[in-house]
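Below is one structure; the comments refer to it alone.
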Amino acid sequence: MIKKVSVTIFAALISVSNIFAQERASALNLLPIPLHVVENSGEYILNQNTPLYFIGDSSDKEYLQSQLKKLFGTSLKEVNRVPKRGGVSIITDSSLDIPKEGYHLNIGKHGVSIKASHSDGAFWAIQTLFQMLPNGIYSGDMITQAVVPYVTIDDSPRFAWRGFMLDVSRQFFPKEYILKYIDWLSMHKMNKFHWHLSDDNGWRVEIKKYPYLTEKGAWRGENEVTPPAYGSGKGRYGGFYTQEDIREIVAYAKQRHVEVIPEIDLPGHSRSSVGAYPEIACLVDESSISVNGEVSNLLCASREENYKMLEDIIAEMAELFPSEYFHAGGDEVNPAPWTKCEKCNALMESNKWSDPHQLQNYFTRRIESILLNYGKRMIGWNEVMKGGELDSSTVVFAWQSAKYGFEAVRRGWDCVMMPGNYTYIDMQHSSYERGHNWAGALELDKVYSYDPLAGDTLTTEERNRVLGIQACLWAESLDKPARQVEYQSFPRLSAIAEVGWSAQERRDYGDFYGRLYGSHLNRLKSAGAIFRLNPPKLNVVNGNIEVISPYDLAQVRYTIDGSEPNIDSPLAPRSLKLEHFPRNYRFKAWYLDTPSPALPLPGVDSLLMKPQVEVTTNMPERDRWGAALAADWNPNSYFRSTRPCASGDWFNFQFAEPLSCGSIHIETGLSNISRYQLMDGVVEVSYDGDNFEEIAKITDGSVKIVPERAIQQLRIRVLAANHEPLLVIKDLRIEPLLSE
Ligand code: TNX
C-alpha cells in the first residue's frame, strides 16, 4: 500500500509539472487573463537582495513587503533612487495615461517595473507579479530566489465592480475567516466585498445604541429569540462582529484594495431584529410565511419610531464603513402583515395607494433619504424598482434575472449584474451535490459563459451604467461539511473574477480551464483555499463506459460496488465494458490530493423502481403540497406538512404488490439545504401488511434501508419535533435488486 501511495503522488507531480510546461504559452497562466501580454525571452531573478523602489504613492509598501517576507524570509531593501542594477520599482503617477485600476508591468534585464496612474492599478500589478512568483508568496514556503520570465503586460479591468457577497447571517463566520476570504478576493483582482450582515437568522453587526440586536438577535436556538435553523440545532448558535472587528476588517480589506459594502436587509428578512425588538413589526396576529419559510420578519412601514431607530443604526454604520455605498436590502417582502396592520392601512389610504408595493417604495425612499443624509448611495435588490420612484444615485442589484439590470439602466439607475442562474455560487455544482437549486445546478463553464452586457441592446450610456458583476454566496447550506464555503466558491469565483476583469474578446473557456488546472488551482491550494474539482465526464455508449478526465493526465479511479473511490481504488481506463449494475459504478478524479465528487453514471435514475403505491398521513396537507406528491416519482415535487411535525406523526407508503428491491433511500426535508428535515424519527416496515418492525432510525433527514424480504408497507414515524415550520417527505428512491 505504501508503494501505491508514493507512485500515486509521483504520478500527480508529473502531471502537474507537465501541465505547467504545456500551459506556459497561455499568458503565463495568469488569471484573470490580462488585456495584453508579450512574452520575451529571458528571465530575471529576484532574491533577498533585490532592491525595492517606490515613486509616488507608496501606500502598498507595507503589504508588499509583508508578502515578500513570506517568500524570502526577509523584506526587501528599500532604496530611494532608481536602482542601477535593477530591482523592483513601483511608480504611480496620476499624469500617466493608464486607467485607474490599470497598470503597465515590465520584466526585463533591469528588473521589474510597474507603472500605474493610481495605487489601485499598482496593487493589481503586484497581484499579477505574485502569480509569476513561486506559490510560497501565498503559502509562506520560503525560497532563496525566484525566477520570473521577461514579459510586458498592459492591463486594465473591463468592469469597475467585481464583487462578492457573503451571507454571514444563516451561518456565522469568524473574523479570521473573513480576513482570509478578503485575501482570496484580492488575489483575483476582485474589489468589492458585499457583507450581508443581517437576515432572519442572525443580526451580526454590533450597534451600541441597540444592544439587543446582538445580545439577542445574533443568536438562535431553542430558548433564543430566533429559532434553530440551517443545521444549527437546539443549542445556542450565532455570533457577531464588534465595531472593533469591523474596523479591523475594513482596514485589512482597504490594504488589499477591496471595498467593504455593508448590507442590512430591510424591511423583510428581519426576524432577528424583530426578535430582539418585537415592537418594530406590525402588531398583528402574524401567520403569513415569507418565501424563506419565516414568520414575523417584516418591519412595520408606518411606525415612525422605526425610521428613527434605522437612522441611529445607519449613523453608527456609516462611520464604520467608509464606502459610499450602503445596501438596504429590499428583497422578498411578503406584505401580508402590512395589509392587516391598522396603521399601515391608514397610511396607504391617506396616500391613495392600492398596492402594498407602494408602501414598500415609501419605506425604501425613507431609508434612501436617511442614507443620502449620511452621504451614502443606497443599493437595493431588484425588487426596489417595483411600486414607485427611487433617487438617481441608487444602485440596483439584479439577482432574479439580468432583465432587471437592463430595466434599471434604462430607467436611469446604475446596476450590478448577479443573476442567480450564472453568479449564485450557493447553487449546487451538480444535482448530486449540496446547495440550492432554485436557479439550477451551476457548473463552472456556465458561470464562465456569462457576459453581463449580452442579451439586450443598450445605448453606450446605458452600458456604462452596468457597473459590473458580483457572485453571491448565501449560507443556508454551508453548515456542513467543513469548508463548504470554499467548496462552493472555487473555482467558480475564479471564473467570475475573469468575467469581471478580462476583456470579452480575451475570454475563452478552454484557455481559462487550462490556466486553472495549469497553475491557478495550485495557487488556491497554497493560499489555503479548498476547491471543487470537476468530476470525470462519463458517457455510456453501446454497453461501454467512456471516461473523460477533467484535465490531461488526471488520475481517475473507480469502484463497481457503489462505494466511494479512494486513492487505493483501481485506475480507470478510458473506456470499459459495462458489466455490473450501473448504479454501483463510481468514478473520481484527483488533482494532487484534492478529489472530485464521485457522480453516478448518467441516466441511472431512470433505472429506479416506480411501484404502485398509496400514501397516507395523519399530518394536515394542502393541495399544492399534498401527500400524493411524495409518490409521483418526480423528485422535484414532494409533501409539505402545513404545520411543524410533532411526536406521533406518521407518513405511510402502502405498496399494491409486495415489493422486492435492493434498497430504499428515504429522504425527508430538503437535504441539499438542510431544511424541513426529520431529525428524530424511525422507519418501520411491514412484511405481512399488519405488523410493523423498526428497520432504521432517522437522525439527520435521510436514511437508506436494505429490506431482507419483500415489504408491503413502509412507515416514517416522528419521535420529536424538528424546530422547523413544516416537514417535507420526498419520493422514495427504490433500487431494484442487483442483477447477477
Ligand atoms: C434568495 S438573493 C435570497 C436569499 C436566499 C437566496 C438563496 C436574495 C436577495 N434573497 O435570501 O438566501 O435566494 O439562493
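When we measure straight from the Cα of residue 209, which lysines land under 20 angstrom away, once same-chain ones fewer than 8 places off are left out?
By straight Cα distance, residue 209 reaches 308.
Measure off 7 Å from each Cα along the Cα-to-Cβ vector at residue 459 and residue 308, then give the distance between these two points in nanometres to one decimal.
For the pair residue 459/residue 308, the computed spacing is 4.6 nm.
Please give me the summed charge of the neighbours of residue 161: other residues whose Cβ is under 14 Å from its Cβ, Lys and Arg +1, Asp and Glu -1.
Charge balance near residue 161 sits at +3.
Using only the Cα atoms of region 401-536, what semi-axes does the equivalent ellipsoid have when each is the square root of 5 times a gyration tensor eigenvalue? Give whole Å, largest first.
27, 18, 12
What's log10 of I(q)/I(0) for region 555-640 at q = 0.14 Å⁻¹, Debye sum over Cα points only, no solvent?
Here the Debye-derived log intensity ratios amount to -0.66.
Of the peptides 676-683, 318-325, how do they stack up when ordered by the mean number of other Cβ atoms within 10 Å, highest first?
Ranked from most to least packed, the peptides come out as 676-683, 318-325.
In a shell of Cβ-Cβ distance under 13 Å around residue 622, excluding residue 622 itself, what net charge do Lys and Arg (+1) and Asp and Glu (-1) give?
+1
Enter the Cα centre distance for the pair region 476-508 and region 48-65, rounded to the nearest angstrom.
Each part's Cα centre sits 30 Å from the other's.
So if I place +1 on the C-beta of Lys and Arg and -1 on the C-beta of Asp and Glu, and nothing else carries charge, what would the dipole magnitude of the chain be about its Cα centre? I want it in debye, nearest 20.
With Lys and Arg at +1 and Asp and Glu at -1, about 1980 debye.
Find out how many positive minus negative residues lie around residue 422, taking Lys and Arg as positive, Asp and Glu as negative, among other residues whose Cβ is under 15 Å from that of residue 422.
-1
Under 18 Å Cα-Cα from residue 61, which aspartates and glutamates qualify once same-chain neighbours fewer than 8 residues away are excluded?
Within the straight-line limit of under 18 Å, residue 61 reaches these aspartates and glutamates: 78, 93, 101, 120, 183.
Show that you can apply the helix-only estimate: for the chain, add -39,500 (n - 2.57) for every DSSP H stretch of four or more residues, divide by all residues, and state [θ] at 222 nm to the nearest 500.
-7500 deg cm²/dmol
Evaluate region 270-429: find the radius of gyration of its Cα atoms, find its Kirkwood radius, and give the ratio Rg to Rh.
My calculation of the ratio gives 0.96.
Any idea of the accessible area per residue across region 459-509, 1.4 Å probe, to the nearest Å²?
Heavy-atom accessible area per residue stands at 32 Å².
For residue 563 and residue 706, FRET efficiency with R0 = 22 Å and r from the beta-carbon atoms, rounded to 0.05?
Working from the Cβ atoms, E equals 0.90.
Could you pull out every one of the aspartates and glutamates with an alpha carbon less than 16 Å from that of residue 577, ignoring same-chain neighbours closer than 8 positions?
Cα-Cα hits under 16 Å: 546, 561, 740.
Would you kindly state how much longer the chain becomes between residue 85 and residue 634 on full extension, computed as 0.36 nm times their sequence separation minus their alpha carbon distance, in nm to one decimal?
Extending this stretch completely gives an extra 190.5 nm.
Extent of region 635-708 along each principal axis, from alpha carbon coordinates, in Å, largest to smallest?
Extents along the principal axes, in whole Å: 34, 25, 22.
Could you provide, to the nearest whole Å², the per residue accessible area of region 67-115 with probe 1.4 Å?
Here the per-residue accessible area is 57 Å².
What do you get for Rg/Rh over region 582-740 if you use C-alpha atoms and the Kirkwood form of Rh?
Radius of gyration over Kirkwood radius for region 582-740 works out to 0.99.
Calculate the length of the line joining the C-alpha centroid of region 143-192 to that of region 391-451, in whole Å.
The distance from the Cα centre of region 143-192 to that of region 391-451 comes to 20 Å.
Test of understanding: what is the full-extension gain from residue 342 to residue 70, defined as 0.36 nm times their sequence separation minus their Cα-Cα distance?
91.6 nm is the gain from fully extending residue 342 to residue 70.
Going down the list 100/525; 446/704; 610/730; 175/376, which pairs span over 22 Å between their C-alpha atoms?
100/525; 446/704; 175/376
With every protein chain present, what is the per residue accessible area of region 538-683 (1.4 Å probe, Å²)?
46
Which percent of the accessible area of the chain is formed by carbon and sulfur heavy atoms (probe 1.4 angstrom)?
For the chain, the apolar C and S fraction of the accessible surface comes to 50 percent.
The values are calculated or read from the model by the stated rules, or taken from the named source; none is laboratory data. Because the structure is a prediction, the values reported are computed rather than measured. Glycine also receives a Cβ, built like all others from the backbone with ideal geometry; neighbour counts cover every protein chain displayed. Only protein heavy atoms, including side chains, enter the accessible area calculation; ligands, DNA and RNA are left aside. Shrake-Rupley method; radii C 1.70, N 1.55, O 1.52, S 1.80 Å.
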